[in-house]
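Throughout, read-outs are computed from the coordinates displayed, never taken from laboratory work. Model, not experiment: these values are computed from the prediction. Cβ atoms come from the backbone with ideal geometry, glycine included; neighbour counts cover every protein chain shown.
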Amino acid sequence: MNQHSGMASIWSAICLVFITSLLGWITLRSVMSETRRSQQQLFAAQALASSESLLETAIAQIDSTYSGQDIAIDTAFWRNASSSQCPAALATPQWQCLKWTASNLGSFGGTIKALAWPESIDDANSFVLFTRDVRFAPHKVKITAQISLNSEQAGAGSRASLQQSLYIPISAPWTPPDIEPPLLDPTPKTPSTDCTPIEWRKLFGHVSPAQLKAISAAQLQNGLTPLSQPSRSVYWIDSPLTWTQSLGTQSSPVVLIFSDLACAIQCPQIASQAAIAGMIYFQSSNSCQNSVALYTVNPAALQYAWPRGIDASRVQRVSASWKNAGF
């Protein structure tokens, strides 16, 4: 009995040591996992903080670009943009994308390193991306800032991506004109020689000539055409030559503007075979043609979405557009 009792005590002690060791090993793994999780959270927070810094710097950059300057600055800002810089889902002529990295040309000839580029950042996987819909919302820009930590950091590879949308002063809330347009008739009207020029604001509301010229340039630069899907909607024309191309449909009307530069040379004409579904305006002080006679459909091409009461003359954040992409 004593021998059996001794063996039982030994086995009990062995089992107790084993269980104690197992509990210790489990506790150690738990502590290590929690430590690793805390480190990952620290690295993620570090990447997030850097991403927030870069996003705010990019917003400040676009704010300083558009504030207090001629709207022609829009063309200069987006001159290096292309649909090829867009994510795959947005790689169409409708979307205009401008991507700044540590090496490529950023704003006005500088690189993104000229901004507040954080230290120890993986240049190959960090960027600022500006995107906008030049057909339906040229006044709304989404900014995406992504930061990835490089090998100098313990959390190498940790990433954070943030988004924020802005309204820029390239358009204005559209107001209906004071005149009643006639029913749709794609046949060009014969211009009157003794007409009175129609005031710009009666047709375009608060949208300025410079804004429409910038939208036209953006659509042209990004490859929108009468045959693209969606099609181009705004045409700013400085040439006084006779217009021969048919444009627009009743569901997708266009805005065709012959500038004062064109009208100063001679009165532009619309060829008899050219059917224009939309609005034609002659920015002329010498009554080249009466734009009312060619105002055929409600210019839906100008009806960009704006919140009620917003100040369209300055850069503003789009409410509730801030997003953590969750990397």
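Of note:
- Ranked by how many other beta carbons lie within 10 Å on average, peptides 311-322, 8-19 from highest: 311-322, 8-19
- Fraction of alpha-carbon pairs over 18 Å apart in the range 200-302 - percent: 44 percent
- The stretch between THR175 and ALA60, if pulled fully straight at 0.36 nm per residue, gains 38.4 nm over its current Cα-Cα span.
- Under the simplified labelling scheme, the SER246-ALA89 pair shows an inter-label distance of 3.7 nm, with each label point 7 Å from Cα along Cα→Cβ.
- Fully extending the segment from ALA305 to SER272, taken as 0.36 nm per residue of separation minus the present Cα-Cα distance, adds 8.4 nm.
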